[in-house]
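Have a look at the structure below, then the notes.
Read the figures in this text as sums done on the coordinates, not as results from a lab. Being a predicted model, the structure only gives us computed values, none of them experimental. Methodologically, a virtual Cβ is constructed for each residue, glycine included, from the backbone with ideal geometry; neighbour enumeration extends over all protein chains shown.
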Amino acid sequence: MADLGNILLFFLFPVSVFMALTSLAAGITKRRGLLEAGRRAAYAAFGVTTLAVLALEYLLITSDFSIEYVASNTNYALPVFYKMVALWAGHNGSLLLWTWIVTIFTAIVAYQNRNKNNDLIPYVLFVMASTMVFFGFLSIFISNPFDTLYTDLGTKLQEFMAQDGRGLNPLLQHPAMIIHPPVLFIGYVGSVVPFAFAIAALITGRL
């Protein structure tokens, strides 16, 4: 499952780049086909990232401690519900969640504007795709949640994490703290939508 997660993340990056390039080209050339290609890439990015999130959730729920993120944020004694919310308990998982929310908003914008704002939407999608490229790059090359345990963690620590895991941060084992990170992320990521429309308006001169 970890291999599948890595494949999905690696696939997200070229899809995001493709979306950015086709959307920008659509804005410059006014070709409807390029815009449609960019829109479909937005849907594909959402689908790929959703599957990656589900793959990580599976690894968390099944306590696959060969994965560093799982071993660092869960253990066998942790209830299944808390294993699920461990998706945003650490940096790597939080970044994947952030990336997923970006793709959700991008897919929504692409769908809602499929028959309107034809002058603006290519540049809107370009800006949002560029954001996806950035976070996709981080998730793949900097903070990959599907990385296996590193050998330089130390023998005792590695053996402990591989056997039972460190467990979830006690601060997150509360209903209020469980919903706080995703709500906060939605607020932060949601700001990319008006930002993208603002940049598109500046580029086209349609203020």
Worksheet item: Between LEU184 and ASN117, what FRET efficiency comes out of the Förster formula 1/(1 + (r/R0)^6) with R0 = 41 Å and r the beta carbon distance, rounded to 0.05?
Response: 0.90
Worksheet item: If R0 is 25 Å, what FRET efficiency do you get for ALA201 and THR29 from their C-beta distance, rounded to 0.05?
Response: 0.80
Fill in: Point-charge dipole on Cβ atoms (K/R +1, D/E -1) for region 20-87, about Cα centre, debye to 20
600 debye
Worksheet entry | 222 nm mean residue ellipticity, helices alone, for the chain (DSSP H n ≥ 4; -39,500 (n - 2.57); rounded to 500) | -23500 deg cm²/dmol
Worksheet, complete the sentence: By Cβ neighbour count within 10 Å, fewest first, VAL85, VAL17 rank VAL17, VAL85
Worksheet item: Which of the helices in the chain meet the span-like rule: DSSP H, Cα axial reach of 30 Å or more, Kyte-Doolittle mean at least 0.5?
Response: 2-29, 32-61, 91-112
Worksheet item: For the residues MET177, MET132, what sequence is obtained by ranking on other C-beta atoms within 10 Å, fewest first?
Response: MET177, MET132
Worksheet item: Net charge near ASP3, counting Lys/Arg +1 and Asp/Glu -1 over other residues with Cβ under 14 Å of its Cβ?
Response: -2
Worksheet item: For the residues LYS30, LYS116, LYS83, what sequence is obtained by ranking on other C-beta atoms within 10 Å, fewest first?
Response: LYS116, LYS30, LYS83
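Taking the Cα centre of region 2-204 as origin and charging only Cβ (+1 Lys, Arg; -1 Asp, Glu), how large is the dipole, in debye to the nearest 20?
940 debye
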Response to the item:
Note: MET177 to PHE134 extended length (0.36 nm per residue) minus current alpha-carbon separation gives 12.7 nm
Discussion item. Please list the three semi-axes, largest first and in whole Å, of the ellipsoid equivalent to the chain, using sqrt of 5 times the eigenvalues of its alpha carbon gyration tensor.
Written reply: 37, 17, 12
